[in-house]
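Below is one structure, written out as structure tokens; comments come after it.
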Amino acid sequence: MGKHGKVQTALEYLAARTILTGLRWMPRRLSVAAGRGMGRIAYAVGGRLRRAGTRNLELAFPEMDAHERERILRGCFRNLGRLLGEFSHFGHATPDSLSRIFEVEGLEHLEAAEARGRGVILFTGHVGAWELTSFALSALGHKVDFLARRIDNPLIEGVVEKTRTRFGNRSIDKRAAARPMLRTLNSGGRLGLLIDLNTHPHEGVFVDFFGIPALTTSSLATLALRTGAATLPIFAPWDEERGRFLLKIEPPVSIQPTGEQEEDVRALTAAVTSVVEKYVRQYPEQWLWIHKRWNTRPAGEADLYASRTQEMKSGAGEVLTDDLKAQGQG
């Protein structure tokens with residue numbers, strides 16, 4: 001790493017540390033409010049992210065008007081800010097203090113799966129406080145080995161890693177994950193996976209997400225079919241009425257294996273993806289719409305995002321008007 005790289009790394013770390021420390025020293029409610037405020041600012045200045053989110057919402061909800069899509073997208077940014085505010089307090093949280101911000105539903109499903117002794121795969125998506133899913137479980141005594149992509153800045157990665165693993169969780173580097181994941185499941189442990197991001201062609205299969213083929217990781221299905229591990233959904237959406245996150249654990253998702261590996265992997269991947277879609281539809285303002293979920297296309301299909309850019313450049317009236325309205329410019 002050159003001098004410029006070291007300086008940039010240090011500056012990024014200083015900025016991140018300043019924000020997290022400032023939020024941490026506030027009372028939780030105030031830090032969450034401040035985080036949501038940061039989310040509003042990010043919406044205002046993040047034109048590229050807004051455009052990606054607007055396009056995703058057009059694809060997922062074509063029947064929805066532009067004003068409703070804008071409302072959902074603004075909520076997405078506020079949710080990210082809320083998560084930042086909450087995460088800033090994880091570093092000194094205790095099991096008791098955590099229990100005051102979430103309610104558990106369905107813990108019996110996890111305990112029953114653990115009793116089988118064949119390992120448990122807990123899958124989730126970027127809905128609500130996804131960082132809370134594994135963190136809260138570890139505080140409750142159910143440690144999780146979770147798959148994670150290392151942050152490019154090693155100093156920031158160190159802070160995040162220390163926080164995530166406070167109660168005994170262990171992260172598995174996505175770049176060399178196959179053997180550690182198998183070890184976790186073969187030893188009867190718990191493996192946490194996020195399954196709702198676009199992936200590389202050699203790592204996934206196309207299954208429908210909001211009726212559109214989306215390249216989705218096949219790791220979960222491959223591992224579950226190979227090890228016999230139970231596959232449980234776990235999500236942590238914010239419930240405004242209760243003023244808490246709901247740590248929701250559902251019964252296992254399974255398929256009837258046919259013996260055809262490729263077809264079985266596709267079927268199970270489709271089944272777990274449909275669960276993610278269910279939560280996104282139930283809590284649309286709490287999903288990560290700014291990620292280009294449909295970026296990779298099946299062979300021969302047009303780039304859904306590039307075509308949108310072309311439409312905007314060509315001045316396609318109705319589409320352009322809707323997009324400007326969604327960004328608060330029309």
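Just so you know, all these numbers are worked out from the coordinates, no wet-lab data involved. As the structure is a prediction and not an experimental result, all values here were calculated from the model. Note that each Cβ is placed from the backbone with ideal geometry, even for glycine, and that neighbours are counted across all protein chains shown.
Note that segment 7-79 shows a convex hull volume over its alpha carbon atoms of 101 Å³ per residue. Cα centroid separation, segment 29-72 to segment 280-298: 12 Å. Here's the picture: charge each Lys and Arg Cβ at +1 and each Asp and Glu Cβ at -1 in segment 3-286, and of GLY228, ILE41, LEU147 the one pushed furthest to the positive end of that dipole is ILE41. Ranked by the mean number of other Cβ atoms within 10 Å of their residues, highest first, the peptides 162-168, 173-179, 123-129, 66-72 come out as 123-129, 66-72, 162-168, 173-179. Evaluated with a Cβ-only charge set (Lys, Arg +1; Asp, Glu -1), segment 174-232 carries a dipole of roughly 400 debye about its Cα centre, given to the nearest 20. Note on GLN282 and LEU14: the model spin-label points, each 7 Å out from Cα along the C-beta direction, lie 4.5 nm apart.
What is the packing order of peptides 44-51, 219-226, 295-302, 133-140, taking the mean over residues of other C-beta atoms within 10 Å and listing the highest first?
Working: 44-51: 14.2, 219-226: 21.2, 295-302: 11.4, 133-140: 24.1.
Ranked by mean Cβ neighbours within 10 Å, highest first: 133-140, 219-226, 44-51, 295-302.
Projecting the Cα atoms of ALA112, LEU98, THR133 onto the dipole axis of segment 65-160, where Lys and Arg carry +1 and Asp and Glu carry -1 at the beta carbon, places THR133 farthest toward the positive end. For the chain, the direction-averaged projected area of the alpha-carbon convex hull comes to 18.5 nm².
Under 5 Å from the amide H of ILE172 lie the amide H atoms of PHE146, LEU147, ALA148, each residue being 5 or more positions distant or on a separate chain, with H modelled from the backbone and absent for Pro and chain starts.
Over all orientations, segment 99-217 has a Cα convex hull whose mean projected area works out to 8.7 square nanometres.
Among the lysines of segment 3-286, pairs at least eight places apart or on separate chains and with Cα atoms under 30 Å apart come to 13.
Full extension from ARG116 to THR94: what is 0.36 nm times the residue separation minus their Cα-Cα distance, to one decimal in nm?
On the way: separation 22, 0.36 × 22 = 7.92 nm, distance 2.95 nm.
Computed gain between ARG116 and THR94 is 5.0 nm.
By DSSP, the beta bridges lying fully in the chain are antiparallel in about 35 percent of cases.
Plugging the Kirkwood radius over Cα pairs into Stokes-Einstein for segment 4-149, at a temperature of 10 °C and a viscosity of 1.306 mPa s, what D comes out in µm²/s? Before the final figure, lay out the partial values.
Values: Rh = 17.9 Å.
Taking Rh from Cα pairs, D becomes 89 µm²/s.
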